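All remarks here apply to the structure that follows.
The values are calculated or read from the model by the stated rules, or taken from the named source; none is laboratory data. These figures come from a predicted structure and were not determined experimentally. Don't worry about glycine lacking a Cβ; one is built from the backbone with ideal geometry, like all the others, and counts go over all protein chains shown.
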C-alpha cells in the first residue's frame with residue numbers, strides 16, 4: 001500500500017514527530033510510505049531510509065496575480081503525481097486540504113484528515129470552526145487519537161471517524177532511569193505557546209519556593225517559540241525576572257537528545273490548557289518520571305490515573321500545581337513509585353508495529 005503523509009514541515013513539533021514515527025513503523029511492516037512537506041526548513045527527526053520525502057515546491061511564475069493560481073495548480077499536480085492509495089493530512093488549513101481533496105477527485109486515492117488537537121479549544125472562532133467542519137466533510141475518513149476527541153466532531157461525520165493512538169518511541173522506554181530518593185529537578189517539554197501555558201509552571205514554582213524555602217529545586221523548560229505566535233518566550237522571561245528566578249528556572253530551547261534530559265530529571269510538569277494526546281507527557285511517563293499534568297480536555301486523563309501513576313490538577317490552577325510539586329519534594333519515594341507505574345503504563349501502551357498495523361487496517365478498510 002502506498003501511504004502519503006502531507007504535513008507542513010519536519011522540524012520540531014508533536015504532529016511532525018508522529019508523522020515520522022508512523023512513517024518509520026509503516027515501512028518496517030512492508031508499506032510504501034512518502035512524506036510530502038510544504039516548508040523545506042530542515043528535518044529534525046531520524047527517518048528510516050526507506051521513507052521517501054517530497055518537498056512541494058511553489059510555482060516560479062513571477063507575475064503576482066498569476067502566482068497564486070499557479071501554486072494551486074502545481075500543488076494539486078504534485079500531490080496527484082505521488083499516486084498514493086491514501087493521502088493523510090494533519091494540516092488545519094482549509095486551503096491546503098481543499099487542494100488535497102481536489103487531487104483525489106476521479107482517482108482511487110482516499111483522503112484522511114488527522115485531527116491532532118482539541119478542536120473545541122483550538123478553533124473557538126465561528127469562522128475557523130466552519131472551516132474545520134468543511135474539511136471533515138471533504139475527507140473520506142477522520143483519524144483521532146483519543147475517544148474524547150470524537151465528541152467535538154459534528155454528528156454527520158461520526159461514521160468516518162476511527163481512533164488510533166500515538167506511537168511512543170521505544171528509546172524512551174529504554175532509558176535507564178535512576179531514582180535518587182530526592183525530587184528537586186523538575187522538567188517540562190513543549191513548544192513555547194500560550195496553549196502550553198508554561199507561565200503556570202513558573203508561577204507554581206515561585207509559590208513552591210516561597211512556601212518551602214527549598215534551596216535546591218530547579219525548573220528546566222525545553223521548547224522553542226513558533227514563528228506564528230511571537231512573544232511567548234519574552235513573556236516567560238519577564239515572568240522569570242518578576243519572581244527573581246533567573247538562577248532557578250531555565251528556558252533551554254529545543255534539543256534533539258531530549259531523552260537524555262528526561263534521564264537526568266527527577267520529575268515532569270505539564271501545564272497545557274488543552275491538548276490532543278500530548279507526546280511529551282507520553283515520553284516523560286515512558287522514561288519513568290513521576291508526572292504532574294493539568295487535567296486539560298482530551299489527552300492527560302487517558303494517560304494518568306491521578307494518585308497512581310501521576311497527578312492531575314485543574315487547568316490553570318497555580319496553587320494545585322504548586323502543591324503537587326511540593327508533594328513530590330516532601331514524599332520522593334511516593335513520587336518515584338508513581339514514576340515506575342507511569343513507565344509500566346507506557347510499556348503496556350502498544351508497540352510501534354502494533355499501532356502501525358492498526359492504522360494500516362483502517363486505511364485498507366477505507367480504500368476498499
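For the reader, a short list of remarks on this structure follows.
- Pairs are defined by a Cβ separation below 6 Å, a sequence spacing of at least 6 or placement on different chains, a first member in region 352-368 that is farther than 14 Å from residue 111 by Cα, and a second member that is surrounded by fewer than 19 Cβ atoms within 10 Å (Cβ to Cβ); the pairs so defined are 353/29; 356/29.
- Answer residue from region 200-219, given it is in contact with a helix residue (DSSP H, G or I) (Cβ under 7 Å, 6 or more places away or on another chain) and outside any helix (DSSP H, G or I) and is nearest to residue 269 (Cα to Cα) among those: 219
- Looking only at region 158-213, and only at residues there that are on the phi > 0 side of the Ramachandran plot and buried (at least 17 other Cβ atoms within 10 Å of the Cβ), the one that is modelled with the highest pLDDT: 197
- Going through (1) in contact with a strand residue (DSSP E or B) (Cβ under 6 Å, 6 or more places away or on another chain); (2) modelled with pLDDT under 90 one by one, residue 51 falls short only on (2).
- Scanning region 134-147 for residues that are surrounded by 17 or more Cβ atoms within 10 Å (Cβ to Cβ) and out of contact with any helix residue (DSSP H, G or I) (no Cβ under 7 Å at 6 or more places or on another chain) yields 143, 145.
- Note on region 5-54: residues that are assigned to a helix (DSSP H, G or I) and under 22 Å from residue 76 (Cβ atoms) amount to 1.
- Selected residue (only one of 276, 286, 299, 271 is more than 25 Å from residue 203 (Cα to Cα), within 18 Å of the chain's Cα centre (by Cα) and not assigned by TED's automatic domain parsing to the domain that holds residue 12): 286
- Check on residue 356, on the phi < 0 side of the Ramachandran plot, surrounded by 17 or more Cβ atoms within 10 Å (Cβ to Cβ) and either in the same structural domain as residue 29 (by TED's automatic domain parsing) or part of a loop (DSSP other than H, G, I, E, B) (or both): yes
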